[in-house]
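Scroll down for the structure; my scribbles are underneath it.
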Amino acid sequence: MTDTSAIEDGYELIHPAAYAKQGPPHDVWTRLRREAPLARCESADYEPFWAVTLHDDIREISGKPDLFKSEPGIVMLPRDQVRNNSEGLGAMRTIIEMDPPEHREYRKVASPWFTPRSLKRLEPAIEESARALIDRLAGETGEGECDFATDVAAAHPLRILSMILGLSQDQEPAILRLTNQLFAPDDEELQRKGMDRDEAVKEVGLELYQMFASVIEDRKANPSDDLASVLANGKVNSEPMGLMETFGYFLIAFTAGHDTTKNSLAGGLLALLENPDQLQLLKNNPSLVGSAVEEVVRWSTPVNYMKRTAARDTALRGQKIREGDELLLQYASANRDESMFEAPFEFRVDRDPNPHLGFGIGEHFCLGAHLARRSQGALLREFSRRIESVELIGEPEWIRSSFVVGLKHIPVRYRFSV
């Protein structure tokens, strides 16, 4: 029997309050990888779950989508929250919650648009977004103070995703507010005010729907070569996608694409600040931007976990997994797995090899991984090229969320070249 004494009830792994207080629980994951790599968690607030902390085990589970399903849902919800599948966001269907063969058919709708060759046409816009952002921060003197998380990490991917999904620049503040409310509904600063959690999520869903519905209608009538047109006119098995599936595609492309890239960049910028030797290495060797992006994703792991549900009785690591059991694939733990990474708690912009799971693995490998890499690479390149000095002027703060995890504030003083 696996010793679960190292984990108790799994509070540190799943409760948003724990992440707001101290960030990802790397000390707990380290003990679990050593003492109980597949641990059964009996939580007071959540349904029981298995914490899967090893790289190899997550790869094995991800390679068996017929046995470990996404369809019941990929996020752990508190016991007192019952998902309503008939209205609001509950009626929406996204590809990350679909299983094969359906998942593969829906993935085909957008996958050609996200290939490296297809994305080359976006490179000038991505580079310009990064350059304009640093120009704006530098101003006339090059010096200033800002919040790395909101003013840099959030702003760059927001511009890129708004552009490809048909949203105007003046809509960006609203979409940023809504994605924060969607992914951090338990954070007092970011959550929707004046209503209970379930009602807030419904209202967020309605507002997002209204925003994207107008884009869908326009792109059906006036298609172009952007992603918005691809999704609005997408077909599955030669039939037009349903309205909720289309909306779900828009929603996941924007919210997942933005918040994961934002949180990855925030964690990466803080890591460069805290490891000035690595920042200097990147400044001296711009060719390392590609490997630096991979290390930033490994280090930050913004998608902290995905839930899978056992479709039938099985066994894993000598443990009996029963049909209906829920398993949390702890990607952030796998990305510090000592059996896979040399010195996993060291941030190295030249790390090679780097078999991280920050973009997932298997059927659900991140559809927008190439875009995320290009977007982050452009900003890291411009930032490292022009930064002359940078220092923290306050304590970084973590978002109160255990699913998409990241920093919400990184106050800094900086000097860029002008």
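With all protein chains present, how much of the accessible area of region 7-145 (probe radius 1.4 Å) comes from carbon and sulfur, to the nearest whole percent?
On the way: 3230 of 6570 Å².
That share works out to 49 percent.
³J(HN,Hα) across region 142-153 via Karplus (A = 6.51, B = -1.76, C = 1.60, θ = phi - 60°), whole Hz, x for Gly/Pro?
Residue by residue, region 142-153 yields x, 9, x, 10, 7, 9, 3, 5, 8, 8, 10, 5 Hz.
With springs only between Cα atoms under 10 Å, which of Arg219, Arg312, Arg336 fluctuates most in a Gaussian network model of the chain?
Arg312
Tell me, what is the percent relative contact order of the chain, built from C-alpha pairs under 8 Å that lie six or more residues apart?
Once divided by the residue count of the chain, the mean separation gives 27 percent.
May I ask you to give the percent of accessible area on region 248-352 that is carbon plus sulfur, with a probe radius of 1.4 Å? Present the calculation step by step, with values, prior to reporting the outcome.
Details: 1630 of 3560 Å².
Whole-percent figure for carbon plus sulfur exposure: 46.
With the Cα gyration tensor of the chain in hand, convert its eigenvalues to equivalent ellipsoid semi-axes via √(5λ) and list them largest first in whole Å. Please report the intermediate quantities before stating the final value.
On the way: eigenvalues 196, 157, 84 Å².
Semi-axes from the Cα gyration tensor: 31, 28, 21 Å.
With +1 assigned to the C-beta of every Lys and Arg and -1 to the C-beta of every Asp and Glu, and no other charges, what is the dipole magnitude of region 263-404 about the Cα centre in debye, to the nearest 20? Don't skip to the end; give the middle numbers.
On the way: 17 positive and 20 negative charges, 95 e Å.
About 460 debye.
Express the accessible area of region 84-184 per residue in Å², computed with a 1.4 Å probe while the remaining protein chains stay in the model.
Working: 4470 Å² over 101 residues.
About 44 Å² of surface per residue is accessible.
Within the chain, which DSSP H helices have Cα atoms that stretch 30 Å or more along the helix axis and a mean Kyte-Doolittle hydropathy of at least -1.0? Kindly include the intermediate steps, with their values, before the conclusion.
Details: long enough: 197-221 (36 Å, -0.36).
Span-like helices in the chain: 197-221.
With a point put 7 Å past each Cα toward its Cβ, work out how far Arg385 is from Asn237 in nm, to one decimal.
Output for this residue pair reads 4.9 nm.
Given R₀ = 41 Å, FRET efficiency for Gln169-Arg312 by Cβ-Cβ distance, to 0.05? Let's see the in-between values first.
Details: r = 50 Å, r/R0 = 1.21.
Plugging the Cβ-Cβ distance into 1/(1 + (r/R0)^6) gives 0.25.
Quick one: dipole size for the chain, taken about the Cα centre, charges +1 on Lys/Arg Cβ and -1 on Asp/Glu Cβ, in debye to the nearest 20. Write down the numbers at each step before the final one.
Working: 49 positive and 67 negative charges, 218 e Å.
In debye, rounded to 20, the chain gives about 1040.
Across region 178-298, how many lysine pairs separated by 8 or more positions, or lying on different chains, have Cα atoms within less than 28 Å?
On the way: Lys193/Lys202; Lys193/Lys262; Lys202/Lys220; Lys202/Lys235; Lys202/Lys262; Lys220/Lys235; Lys262/Lys283.
Within region 178-298, the lysine pair count is 7.
Any idea how far the Cα center of region 127-181 sits from the one of region 203-272, in Å?
18
About the Cα centre, and with charges only on the beta carbon of Lys, Arg (+1) and Asp, Glu (-1), how big is the dipole of region 84-170? Nearest 20 debye, please.
About 660 debye.
How much area per residue is accessible in region 322-408 when the probe is 1.4 Å and only protein heavy atoms are counted (Å²)?
Values: 3420 Å² over 87 residues.
Dividing the accessible area of region 322-408 by its residue count gives 39 Å².
Suppose the chain between Glu47 and Asp218 were pulled fully straight at 0.36 nm per residue; how much longer would it get relative to their current alpha carbon spacing?
Numbers: separation 171, 0.36 × 171 = 61.56 nm, distance 4.27 nm.
57.3 nm is the gain from fully extending Glu47 to Asp218.
The values are calculated or read from the model by the stated rules, or taken from the named source; none is laboratory data. The model shown is predicted, which means the values in this text are computed figures rather than measured ones. Positions of Cβ are generated from backbone atoms using ideal geometry, with glycine treated the same way; all protein chains shown enter the neighbour counts. Quick note on the areas: whole protein, heavy atoms, side chains included, nothing else; ligands and nucleic acids left out. Shrake-Rupley method; radii C 1.70, N 1.55, O 1.52, S 1.80 Å.
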